[in-house]
Structures are given as C-alpha cells and as structure tokens.
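Here's the structure, in structure tokens; my notes come after.
The values are calculated or read from the model by the stated rules, or taken from the named source; none is laboratory data. In this text, all values refer to a predicted model and were calculated from it rather than measured experimentally. So basically every Cβ, Gly included, is an ideal-geometry build from the backbone, and we count neighbours across all protein chains shown.
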Amino acid sequence: MSGNEKSSNEKIFSVLRAPRVSEKTARLQEISNQYVFEVSSDATKADVKAAVEQLFDVKVKAVNVVNVKGKSKSFRNRAGNRGNWRKAYVRLVDGQSIDVTAKA
C-alpha cells in the first residue's frame with residue numbers, strides 16, 4: 001500500500017467513527033434511504049460524503065450533520081458530563097444501500 005493510499009484510509013477512519021444503530025435509524029433506512037454515523041467533531045459535510053463514498057462504494061445524495069450535546073449524569077453522588085459528539089445523516093441515491101450491521 002502506498003503512502004498516499006494509507007493516509008487516505010486513515011482520513012476516512014478518522015472522519016467516520018461508528019454507525020448509529022437504533023429503532024429510529026432502522027426506520028430511516030427503510031423509509032428514506034438515510035444512514036446515521038457518529039463522526040469526528042471537526043468533520044465537514046464534504047469530509048463525510050467523501051469518506052462514505054470511498055469506504056462503501058456508494059453515491060451520496062445529501063449529508064446533514066448535527067452536534068449532540070452531552071448529558072449530565074451522576075455516579076455515586078458525583079456529577080459528571082458525557083462528552084459532546086457529532087452525528088451525520090447520510091442520504092444515498094435511490095437503489096443503493098449500506099449494510100451497517102455487517103461484522104468486520
């Protein structure tokens with residue numbers, strides 16, 4: 001693997017952290033062909049689009065990103081905060097799909 005190809009793969013995996021799998025995301029996949037990913041906090045829409053297209057070999061129609069505020073939680077009478085994170089809603093062109101439940 002060449003150095004340029006390696007840095008490209010590192011960029012993809014630094015942008016896309018994990019798919020978000022829930023009842024809501026499963027419904028979005030069926031109804032509107034949208035997939036939800038947890039992405040790095042400094043990732044742009046263009047970064048997410050390029051990473052999904054290269055990693056899954058699909059055509060992306062649109063990307064929406066949302067900053068999710070971390071929740072306040074307490075553990076043994078100590079207050080703490082979960083970290084803020086960012087998620088991306090990725091809409092694919094009709095007729096294409098991603099298997100996010102596949103095991104590596």
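Values as computed for the structure displayed
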quantity	calculated
Test: residue in segment 20-30 that is under 11 Å from the mean Cα position of the chain (by Cα) and either aliphatic (A, V, I, L, M) or over 20 Å from A102 (Cβ atoms) (or both)	yes
Single unsatisfied condition, D47 versus (1) of a type in the set (D, E, K, R); (2) loosely packed, with under 11 Cβ neighbours inside 10 Å; (3) out of contact with any Gly (no Cβ under 7 Å at 6 or more places or on another chain)	(2)
Residues satisfying the stated conditions in segment 68-104, i.e. without any contact (Cβ under 8 Å) to a residue 24 or more places away in the chain and either touching a helix residue (DSSP H, G or I) at 6+ places or on another chain (Cβ under 8 Å) or part of a strand (DSSP E or B) (or both)	V68, S72, K73, S74, F75, R78, A79, G80, N81
Some residue of segment 53-61 being outside any loop (DSSP other than H, G, I, E, B) and more than 22 Å from S7 (Cβ to Cβ)	yes
Residue in segment 31-38 that is surrounded by 13 or more Cβ atoms within 10 Å (Cβ to Cβ) and part of a loop (DSSP other than H, G, I, E, B) present	yes
Within segment 7-22, tally of residues that are touching a helix residue (DSSP H, G or I) at 6+ places or on another chain (Cβ under 6 Å) and assigned to a helix (DSSP H, G or I)	2
Where S2 falls short, out of the listed (1) among the hydroxyl-bearing types (S, T, Y); (2) surrounded by 10 or more Cβ atoms within 10 Å (Cβ to Cβ); (3) modelled with pLDDT under 95	(2)
Test for V52: is it surrounded by 14 or more Cβ atoms within 10 Å (Cβ to Cβ) and of a type in the set (A, V, I, L, M, F, W, C)	yes
